[in-house]
Structure formats: structure tokens, C-alpha cells
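One structure below.
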Amino acid sequence: MESLEHVPVEAMDPHRFESVLAPAQYARLLDLINNGARALRGRVIWNVNSTAKGGGVVELLRPLLGYSRGAGVDARWSVIGGAPQFFELTKRLHNRLHGFDGDGGALSDHERAIYEGTLAGAAGAFAKLVRRQDVVILHDPQTAGLIPAVRATGAALIWRCHVGLDHPNRRARSAWDFLRPYVIGADAYVFSRKTFAWEGLDPAKIVVIQPTVDAFNPKNAEQTREQSLAILARAGVVPHDAVGDPIFVRSDGTPGRVDRRAQMVEVAPLRPGDRLVVQVSRWDRLKDPLGVITGFAEHIAPHVDGHLVLAGPSTESVADDPEGAGILADVNAAWHALSDEVRRRVHLASLPMADIEENAAIVNALQRHATVVVQKSLAEGFGLTVAEAMWKSRPVVGSRVGGIQDQIVNGESGVLISDPHDLAEYGSAVTMLLTDPGRAEEIGSAAHVRIRDAFLGPYSLMRYFGLIHRLITARQAADGAEPTRGAWELAASGGLGQLLDNPSTA
């Protein structure tokens, strides 16, 4: 990959939110968007991360930028590249920000030279594109080293960290120490939770913006049961003679069809009537796929029927995650080590990633077909797969870590595991939902309402607009210009909770 790749962004119409927001909420959304578009005329809102495929950041960026463009804002997306040793280092930083050692490697002057040397090309190329009136949002550890070069352009600069730890330890602080010299130069720091904010950063610059899901993209859009089964059949996840067609609607409104097949590791194929316990995530130790399998084998399979489906992306497709293939190999080994009886009920699915929206439609179908969705993470920044499944009215069992505990109200809109290492607790929660369909349906219905009221795209879009307004206003004041007023100003004043009547507890 070149040092800087520019990703095309399709404009998406924000008017579609009329169908999922209350009338007053929708009217206020349009008012703020219209004011924001006028205030941002002539400015580019740049977002930079390290991959255009796979992972939660990509899931957030596509709709955020798409709806911004649809509102008349010039929002653009760039991706940095790097050699394997760079991504090994940034994965190490990622793991340590979550409080884990990762590969156990160092964060010394040698690693800093690799980090800065890799980013030098992208920094130079990007700095030539950015103007003083622009706004730049850099995402996660991979991009923090660009901050000095961007700061030199005079543009307003936000660093967005999508990972974190509620109770920091020495591993997390070692990553902070490595990254802080770069990060400290940003105009604002955005975290997903208040507890994720680092020591040593200016508290006045810290902003909390919770991630949200897009109700209309192929991963979350409505599917009929026949449509979901047809998609799963065509992808080879649940083979059968499908009645419907494996079709979906793309984000730009054009038709799409599932053509590619998942790579399945299984003794025998699933049947349409099988009850499924599903976890969809990257092949990542922090998602604890080995614990999901072991907990199913020891604490679920002996007590209730059903099958476990552990699904993740094809490991050849995610450029910034060098550990994925190794984790998948470990998962395969754990599957082979299961007893014959349990192995027949555990299925591993590597989903195709050549077409991102095709992949999203398959995930959508799999979550909708699930009886219970699991996210048994050991650590989590937010956990978008939780919100995605909840939006589909699925009962979710998730770990009480990171942003998962912000989404699920325990016992009401999902079930939280107090200790993600406790396989018996995980097994008990899943078994309860499998043996009590009425309770599972009640929890699934409440889960949908929870996401509708707190975690849909307009909420984060408006918070970003409010933050950008605040930075632009400060810049205008420094330049002696008259600041913009109106609904745009209301967003920046901290009135967004009232503006959308958003009950989120962030």
C-alpha cells in the first residue's frame, strides 16, 4: 500500500432518518445539519485511519462520512499504509491500551523510529492537502504520529481514540507514554467513555462521543426471514434450498446480491431449523474466541440443544491486524480438540471481504438468524456488534467491559457477564435465554428500543458537528472573525442531550 490512500465516500441521504426518529428529533436533526453545512462551506473534514476494510472504526466512518456528504459537507477519508513491522507495533499499542501485553514486544527508541519513519511519507503527503480552514480527525494509535505535521498546517485537529480501559494498568500507561508526545498536540481528544480518558491530557480538551450504528446500511437494514435464509444459503453458512433471493440494498440505494461463499470449518452443515448461538468479531484474542468455544462445550452444549457459530472476516483482508491469521489457527486447533459430539455443534465461518457491503449483508442475515448473540470480549472499546444485534431485536450476552456495559441494561435489554473469564457465568446466561424463549423475546424487544433511543447514527453525527463548531468558533475568535450562531451554536454549547432527548448515560 502507498503511504496514503484516498477512499471514495458515497453520499448518503440523512432524510432517511425520518422513518426511525420521532418527528421532533428529526426536525432538530435537519435544522442542525442545515446550519452545519452552511458553517462548513469551503472547509474539508478529513478523517484518517489505517484500513478501509474490517473493524469497528470502518463501520463508524462509512456512515458518518456518507451522511455528512449527503448533508452537503465535504467529508473525505484517507488511509495510511505501512510495512508489517509497523502494524505489529500498532497492534501492540492497541493491546496495551486495552491493558494486555499483546506480543510482549518493546516500546523503545527503536520502535519509535519505526513508527515515525513509517508515518513520515503519509505526513508529508497529507500536509500538502490540508488547509488552515480544514478540520482533521485522526483515528487511533496508527495515526497519532501524524499530529505534529497536521498541526503545522494550522487546521483544527481532533484525535479520536476508539479503545481504552476503565481501570488503567502499567501496560496501558506504557502505551500512553509512547503516544502522548504526539497526541498532546491535538485541539481535542475524543474517547468512547469518560473512564477511557488518559492521565496527562488537558481535561478541557477531552470529549466523550459514543459510537453508533447506521440503521440503513446492509449490516443493519431490514431483512425478511426468507431473505436472510437465502443469503446464508448462498454464502454456504446455512445451506438449503432457499425460497427467496440472496439480495440486499446497498448504502447508495442500488441493488446488491450475495455471490461469494464463506470458508466453513465444520463436521456437517447447519440446518435452517437449528438454534444458533452466534459471535461475530475479528479474530482477536481480546474477543476471546477460545473462551467462547470452551464455555459452549463445557457449560451450554451439555444442557441444551443448539449450535455455536463463531464468525469473523477472512484474515487475508484486514491489513492492519497481523495477529488475525494466528488467532484463527488457534481457534481451528481448539475446534479439532473438541469431542466428536460437541465438534458437530461448533461451526467456524470466515466471511468473504472482497465486497464490504456483501459481507455486511451476510453478517446481518447471520445475526437475524441467531437465537442468542454473544460478545464475550475480555476488553472492548465499544463493541458495535452488540448494538447491531440489539437493533435486530436479538437477546445479547455480553461482557461487562468497556462500551458494552453502556449499551446493555443488565437483565432488561441484554445480559451482562460480570467476569468475562467466568465460563460458567457465560454458559448460564446463554442457557437461560435458550431455555426461556419468552424471556429472550422480551429482552430482544427492549434491546431494539435501547438502540433506537440512544445509539443511532444521528446522535454521534450531531456530537461531532458540535465539537467541530466549537473548534471553528475558537479559531474564528483567534482570527478576530465573527463566530457562527444559531442551532449550530446550540450543539457546541452542550445542549445535545436536550436537543435529541437522548437518554444515553455516557
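Within the stretch 1-112, considering only strands (runs of 3 or more DSSP E) that don't extend past its boundaries, which have at least 1 residues that are surrounded by fewer than 21 Cβ atoms within 10 Å (Cβ to Cβ) and among the aliphatic types (A, V, I, L, M)?
Details: elements: 4-7, 44-49, 74-80.
Strands (runs of 3 or more DSSP E) meeting the threshold: 4-7, 44-49.
Check 250, 260 and return the single one that is modelled with pLDDT of 95 or more and open to solvent by 50 Å² or more (accessible area, probe 1.4 Å).
Working: 250 fails: modelled with pLDDT of 95 or more.
Being modelled with pLDDT of 95 or more and open to solvent by 50 Å² or more (accessible area, probe 1.4 Å) holds for just one of 250, 260, which is 260.
Give the residue that is most open to solvent (accessible area, probe 1.4 Å), with candidates limited to residues of the stretch 349-382 that are of a type in the set (A, V, I, L, M) and farther than 20 Å from residue 228 by Cβ.
The selected residue is 354.
Residues in the stretch 329-362 that are among the aliphatic types (A, V, I, L, M) and farther than 29 Å from residue 247 by Cβ: how many? Before you say what the answer is, go through the steps one by one.
Keep residues of the stretch 329-362 that are among the aliphatic types (A, V, I, L, M), which gives 329, 331, 333-334, 337-338, 342, 346, 348-349, 351, 353-354, 356, 360-362.
In the following step, the residues that additionally are farther than 29 Å from residue 247 by Cβ were identified as 329, 331, 333-334, 337-338, 342, 346.
Residues in the stretch 329-362 being among the aliphatic types (A, V, I, L, M) and farther than 29 Å from residue 247 by Cβ: 8 in total.
Do we find a residue being more than 30 Å from residue 88 (Cα to Cα) and at pLDDT 95 or above anywhere in the stretch 285-296?
Filtering the stretch 285-296 down to residues more than 30 Å from residue 88 (Cα to Cα) leaves 296.
Imposing the further condition that a residue be at pLDDT 95 or above reduces the set to 296.
Yes, there is a match, as at least one residue in the stretch 285-296 is more than 30 Å from residue 88 (Cα to Cα) and at pLDDT 95 or above.
Might you let me know whether the stretch 212-224 holds any residue that is open to solvent by 50 Å² or more (accessible area, probe 1.4 Å), free of Cβ contacts under 8 Å to residues at least 24 places away in the same chain and over 30 Å from residue 172 (Cα atoms)?
Filtering the stretch 212-224 for residues open to solvent by 50 Å² or more (accessible area, probe 1.4 Å) gives 222, 224.
From what's left, free of Cβ contacts under 8 Å to residues at least 24 places away in the same chain: 222, 224.
This time we only want the ones that are over 30 Å from residue 172 (Cα atoms), so: 222, 224.
Within the stretch 212-224, one or more residues are open to solvent by 50 Å² or more (accessible area, probe 1.4 Å), free of Cβ contacts under 8 Å to residues at least 24 places away in the same chain and over 30 Å from residue 172 (Cα atoms).
Pick from 60, 21, 32: which is of a type in the set (A, V, I, L, M, F, W, C), touching a helix residue (DSSP H, G or I) at 6+ places or on another chain (Cβ under 6 Å) and in contact (Cβ under 8 Å) with a residue 40 or more places away in the chain? I'd like the intermediate steps shown before the answer.
On the way: 60 fails: touching a helix residue (DSSP H, G or I) at 6+ places or on another chain (Cβ under 6 Å); 21 fails: touching a helix residue (DSSP H, G or I) at 6+ places or on another chain (Cβ under 6 Å).
The match here is 32.
For the stretch 72-112, give me each residue that is under 27 Å from residue 7 (Cβ atoms) and among the aliphatic types (A, V, I, L, M).
Hits for the stretch 72-112 are 73, 75, 79, 80, 83, 89, 93, 97.
Scan the stretch 274-288 residue by residue and report those that are of a type outside the set (Asp, Glu), over 15 Å from the mean Cα position of the chain (by Cα) and closer than 16 Å to residue 370 by Cβ.
So in the stretch 274-288, the residues of a type outside the set (Asp, Glu) come out as 275-283, 285-287.
From the residues that got through so far, the ones that are over 15 Å from the mean Cα position of the chain (by Cα) too are 275-278, 285.
Matches in the stretch 274-288: 275, 276, 277, 278.
Please go through (1) over 18 Å from the mean Cα position of the chain (by Cα); (2) under 22 Å from residue 436 (Cβ atoms) for residue 400 and return the number of the only condition it doesn't satisfy.
The single condition residue 400 does not satisfy is (1).
Which residues, taken from the stretch 132-155, are of a type in the set (Gly, Ala, Ser), outside any loop (DSSP other than H, G, I, E, B) and over 12 Å from residue 185 (Cβ atoms)?
Hits for the stretch 132-155: nothing passes.
Looking for whichever is open to solvent by less than 50 Å² (accessible area, probe 1.4 Å) and closer than 30 Å to residue 3 by Cα here; the options are 328, 310. Which one fits? Before you say what the answer is, go through the steps one by one.
Values: 310 fails: closer than 30 Å to residue 3 by Cα.
Just a single option satisfies the conditions, and that option is 328.
Looking at (1) closer than 30 Å to residue 181 by Cα; (2) over 19 Å from the mean Cα position of the chain (by Cα); (3) in contact (Cβ under 8 Å) with a residue 60 or more places away in the chain, which is the one condition that is false for residue 114?
(3)
For the stretch 384-415, how many residues are free of Cβ contacts under 8 Å to residues at least 60 places away in the same chain, open to solvent by 10 Å² or more (accessible area, probe 1.4 Å) and under 21 Å from residue 162 (Cα atoms)?
2
The values are calculated or read from the model by the stated rules, or taken from the named source; none is laboratory data. Owing to the predicted nature of the structure, the values given are computational and were not obtained by experimental measurement. We place every Cβ from the backbone using ideal geometry, glycine too, and count neighbours over all the protein chains shown. To get the accessible areas, we keep the full protein, side chains included, count just its heavy atoms, and leave off ligands, DNA and RNA. Shrake-Rupley method; radii C 1.70, N 1.55, O 1.52, S 1.80 Å.
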